[in-house]
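Below is one structure; the comments refer to it alone.
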Amino acid sequence: MTADPLERSLDRHEQLNRHEQLTGPAPPPDPRPPVLRTARESDLPELRRIDEEVFQEVAYPGFLLRQLYDLYAGHFLVLDEGEGRLRGYVLAATTALGRDSWILGLCVTHDRRRHGLGRELMVEVLARLRGSGVEKVRLTVEPANRAATLLYRSLGFHPEEPDAGLRRDYFGPGLDRQVMCLELTRGR
């Protein structure tokens with residue numbers, strides 16, 4: 001004999017209660033996705049806050065974020081959750097001749113990681129760079145940051161030679177980085 005809809009509903013409710021007892025309450029649903037847009041001058045205090053939250057001792061000083069915004073506003077993208085609350089950014093700096101660019105920062109707040117937001121930022125900034133005629137994009141990543149390295153590789157970046165891109169003390173003593181690059185003229 002099959003259970004009627006009320007019995008099935010009660011069984012499901014009991015299963016959920018048992019699951020919560022073992023694992024804790026279910027996490028709340030994700031908030032609405034943030035809007036990807038170009039940074040505004042009014043975003044600078046919030047950009048500094050998230051940069052310090054994520055990068056801590058190697059965060060950009062406020063005056064430098066200001067100057068980077070002044071120089072590269074067109075390639076300074078943010079994820080805006082509304083009401084002035086930012087959840088991430090990407091910043092690309094292009095050389096004066098406009099053929100080479102560096103990703104100077106990719107940042108997603110800890111509570112919004114693993115939701116594809118870093119990829120979304122990178123895909124958009126790479127599209128804008130390609131549209132601007134940039135041919136090569138470089139970035140650095142902490143060698144132990146496996147998640148970031150996998151993201152960049154999935155976007156087509158590869159270690160720049162020599163030494164598989166490893167640069168000892170790149171940002172100072174003990175601050176090694178791997179330099180990765182992407183040729184935008186090759187389809188991607």
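Could you please find all residues in the stretch 131-180 being among the aliphatic types (A, V, I, L, M), in contact with a strand residue (DSSP E or B) (Cβ under 8 Å, 6 or more places away or on another chain) and farther than 17 Å from Ser101 by Cβ?
Ala148, Ala164, Leu166
Please note which strands (runs of 3 or more DSSP E) are completely contained in the stretch 3-94 and include at least 2 residues that are within 27 Å of Thr140 (Cα to Cα), in contact with a Lys or Arg (Cβ under 9 Å, 6 or more places away or on another chain) and at pLDDT 85 or above.
Here the list reads 76-80, 86-94.
Consider Arg119 carefully, then state whether it is under 21 Å from Leu182 (Cβ atoms), basic (Lys, Arg) and not in a loop (DSSP other than H, G, I, E, B).
yes
Cβ-Cβ under 8 Å, sequence separation 6+ or interchain: first residue in the stretch 109-137 and within 17 Å of Leu77 (Cα to Cα), partner of a type in the set (Asp, Glu) and crowded, with 21+ Cβ neighbours inside 10 Å. Which pairs?
Short answer, once both residue conditions are applied: none.
Any idea how many residues of the stretch 125-168 are part of a strand (DSSP E or B), farther than 19 Å from Thr94 by Cα and touching a helix residue (DSSP H, G or I) at 6+ places or on another chain (Cβ under 7 Å)?
1
Only residues that are surrounded by fewer than 21 Cβ atoms within 10 Å (Cβ to Cβ), at negative phi and not aliphatic (A, V, I, L, M): list them for the stretch 115-139, please.
Answer for the stretch 115-139, where residues must be surrounded by fewer than 21 Cβ atoms within 10 Å (Cβ to Cβ), at negative phi and not aliphatic (A, V, I, L, M): His115, Arg119, Glu120, Glu124, Arg128, Arg130, Gly131, Ser132, Glu135, Lys136, Arg138.
Tell me, yes or no, whether the stretch 81-96 has at least one residue that is aliphatic (A, V, I, L, M), closer than 23 Å to Val123 by Cα, surrounded by fewer than 21 Cβ atoms within 10 Å (Cβ to Cβ) and without any contact (Cβ under 8 Å) to a residue 24 or more places away in the chain.
yes
The values are calculated or read from the model by the stated rules, or taken from the named source; none is laboratory data. Keep in mind that what you see is a predicted model, and the values were worked out from it rather than measured. Backbone-built Cβ (ideal geometry, glycine too); neighbour counts: all protein chains shown.
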